[in-house]
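The values are calculated or read from the model by the stated rules, or taken from the named source; none is laboratory data. In this text the structure is predicted, and so the values were computed from the model without any measurement. Glycine gets a Cβ as well: all are built from the backbone with ideal geometry, and neighbour counts include every protein chain shown. Quick note on the areas: whole protein, heavy atoms, side chains included, nothing else; ligands and nucleic acids left out. Shrake-Rupley method; radii C 1.70, N 1.55, O 1.52, S 1.80 Å.
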Amino acid sequence: SSGINAESGNLSDNPFVSDKKCLTLEPPKLEQIKKWTITNYKYTKQLVGEKLGNTTKTVDKDTDERISDLKLQKLQFAAMLRESRALHTKFEALLTSHQLLRTQFNTMVAHAPELGEQLQANSTTHLILERNGKGLLGAIKSFVDSLNTLVNVTMQDTILTVKNYENARIEYDAYRNEVTNLQNAPQTDANKNKLLEIQVTYDDRKRKWERLMQDTHTKMNLLNENKNTVMKQQLEMFNSAVIAYFSGNGEQLSDILSEYHIKTRKLSGDDDATSKSFLARQEG
């Protein structure tokens, strides 16, 4: 099967290794184990032979190039996801520091009235930074969520299809090489009968490999369409949000969040009552 690979031949994970179970197996189950063992052996032999350069493998240049590009892109997007998560964590910590410092400015107004004007000015500045920062934090979170879906759901689903295709290719080549060897061997009755038997399996594996190749191309095409649509939108949103934040344009940042339906959330320890109380004092 396409799920078989070189690492999956560990019999310690197979329930059939128990002597007691083997003694009670019915003939059909024994036959199934025999077929699995033979297929696994051929698969492993083909895989090792390819790595050592002792056997031939089927190469489809277009498919192989697209698969290589997919795997490289997945690594690159995964790195982008990792750094975006780190940015979210660090920026959230920065906003928490703004919040705590603003709270301290507010507290100091009553204890150092001679510095009240300066303390209030700083508190107002940090309140603006905090509010705008929450908007940018929401934009970063949206960007991270979209990247995570792309890398760990959409791309991973395509990678699983690719793995099935690659396993099917190895199985197909294993039987293809065996058919070739039998065709070149002395044409004894035993070899002719074995060739007829192997030919049936070979044809089945070839059809399976061709079907999975089509599935792989379909998945990669759909992935590219999804990736381009989603990431273009997210990259434009992220860039616009960063520009709006660092230019101090809170209104523009708010419009961007509304356009992309991004909600902001409270920071840990957020106290709206403190902000409202301070603003009320300032307005008064």
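Sequence-ordered 3J(HN,Hα) estimates for the range 63-75 from the Karplus curve with 6.51, -1.76 and 1.60 and θ = phi - 60° stand at 5, 5, 5, 5, 5, 4, 5, 4, 5, 5, 4, 4, 4 Hz, glycine and proline given as x. Label positions at Lys227 and Met80, each projected 7 Å from the Cα along the C-beta direction, are separated by 0.9 nm.
Taken per residue, the accessible surface of the range 45-117 reaches 66 Å², heavy atoms only and a 1.4 Å probe. The accessible surface of the range 76-211, taken with every protein chain in place and a 1.4 Å probe, is 55 percent carbon and sulfur. Extension gain for Glu117-Glu65 works out to 12.2 nm (0.36 nm per residue, less the C-alpha to C-alpha distance).
Placing unit charges on the Cβ atoms of the charged side chains and taking the dipole of the range 36-93 about its Cα centre, the candidate lying farthest along the positive direction among Gln73, Gln46, Thr56 is Gln46. Exceedance of the 20 Å cut-off in Cα-Cα distance is limited, within the set Lys227/Lys263; Lys71/Lys227; Lys74/Lys219; Lys35/Lys219; Lys42/Lys71; Lys42/Lys219, to Lys227/Lys263; Lys35/Lys219; Lys42/Lys71; Lys42/Lys219.
If you take the beta carbon distance between Lys34 and Lys194 as r and set R0 to 22 Å, what does 1/(1 + (r/R0)^6) give as a FRET efficiency, to the nearest 0.05? Working shown, then result.
Details: r = 16 Å, r/R0 = 0.72.
Step by step, r from the Cβ atoms, then E = 0.90.
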